[in-house]
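No value in this document is a laboratory result; all are computed from the given coordinates. This structure is a prediction, so every number in the text was calculated from the model and none was measured. Note: ideal-geometry Cβ built from the backbone for every residue, glycine included; neighbour counts use all protein chains shown.
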Ligand code: NAD
Ligand code: UDP
């Protein structure tokens, strides 16, 4: 198809009120490059130039954008003046997380499952789509692996076609139950390939492999972040992650359930800090591929976390002990020297302050009858 033809087709799509400039008018054939690049090198430039498809803002795709981290990322990108296309199948994410963004002129939402190919026009891709809490990712483990692996393949294919930078939300779970502490990026991990957490751990490891092979084989610009436990407003109230679970239990006056003896450790990063790290990593030069650990190196036992939550909520909940889930890592703390050096990034929000900023969110959420019914209380 000629450039003029493509321009006509693009105009029709825009006029049709569809997802205007995000949609590929002709799969793999039309490119709507970012500001500063030529629209078309042929003699028909003028015809294309007449069409209002120049983009002054960076167009950014966020998969998993209606989830906990994704919704905060969409928000921070909009604040920085980007156009954001949020793609989500609402498996664990909710419209509620992004409701306040729906009227923003630079925000668009597309329901889509990343295990299927996606044809849109963007400049950057953040691939976050994947259930992240053990309860959620173990509910349909085959789908979890598919989301990690096929989702990565589809986003890498899209990125290759568009020559767009692509970011992968990887995880500290790639280190498994780590024998090295704290975890540095050079550590290869200690992962059970056939356990109940493997669908997630191995899925994410395979996604990393794909990212680095696309980088080596096709010269793709990749950014791989290994994210450590993160918490904050918009964590799903019923997904069993420890910070949200303890806060919800404390606010409801229910028993605080510590799995095991509570001596296992985690490092908790406040969401705002983490998302700033994402954007800094995306904005690094071509040579920075990662993997880069992103997390807060402050390390706490789960018992200490329970005490802090009880203290800050003023709850009368008592602590009860339950069996430790299979393959539950005994310790986890990021070595963030690489992020400090390459991104000049480190988290600023201490656990206590982050909890104080998170508790009111759950307090308000739990005052809603619909939410109470949905989480079975
Ligand atoms: P989340 O469950 O809140 O968000 C994941 C989002 O992906 C949800 O909105 C969900 O609906 C969507 N999704 C799932 N499968 C999909 C599919 N097939 N197609 C399209 N959308 C799909 O989890 P989160 O905490 O926001 O995690 C986001 C990403 O960060 C995940 O990739 C996760 O592995 C990674 N991560 C998170 C943490 C953390 O502590 N929050 C730690 C390590 C890694
Ligand atoms: N955990 C707990 N009680 C809960 C939920 C989790 O003691 O109600 C423990 C869990 O066994 C693990 C730690 O808290 O040792 C962190 O669990 P989470 O699911 O938040 O993250 P992950 O295990 O993936 O790091």
Quick one: what does P(r) look like for the stretch 157-284 with 5 Å bins over all Cα pairs, in whole %? 2, 9, 15, 18, 20, 16, 11, 6, 3, 2, 0
When every alpha-carbon pair in the stretch 91-169 is counted, what percent end up more than 19 Å apart? 45 percent
Determine the distance separating the Cα centre of the stretch 314-377 from the Cα centre of the stretch 96-132; give it in Å without decimals. 25 Å
For the residues 235, 284, what sequence is obtained by ranking on other C-beta atoms within 10 Å, fewest first? 284, 235
Can you pull the percent of Cα pairs in the stretch 288-368 with separation above 20 Å? 54 percent
Counting just the Cα atoms, what span does the stretch 120-203 cover along each of its three principal axes? Round to the nearest Å and put the largest first. 41, 30, 17
Pairwise label distance in nanometres, residue 254 with residue 116, each label 7 Å out on the Cα-Cβ vector: 3.5 nm
Would you mind checking the stretch 299-335 for residues with the amide N under 18 Å from a putative spin-label position 7 Å along Cα→C-beta of residue 261? 300-307, 319-332
So how do 185, 79, 99 line up by other beta-carbon neighbours within 10 Å, fewest first? 79, 99, 185
For the stretch 59-374, just the Cα atoms, rotate onto the principal axes and tell me the three extents in Å, largest first. 56, 46, 38
I need 333, 226 ordered by Cβ neighbour count within 10 Å, fewest first. 333, 226
Give me the number: length gained by fully extending residue 80 to residue 304, i.e. 0.36 nm times residue separation minus the C-alpha to C-alpha distance, one decimal in nm. 77.0 nm
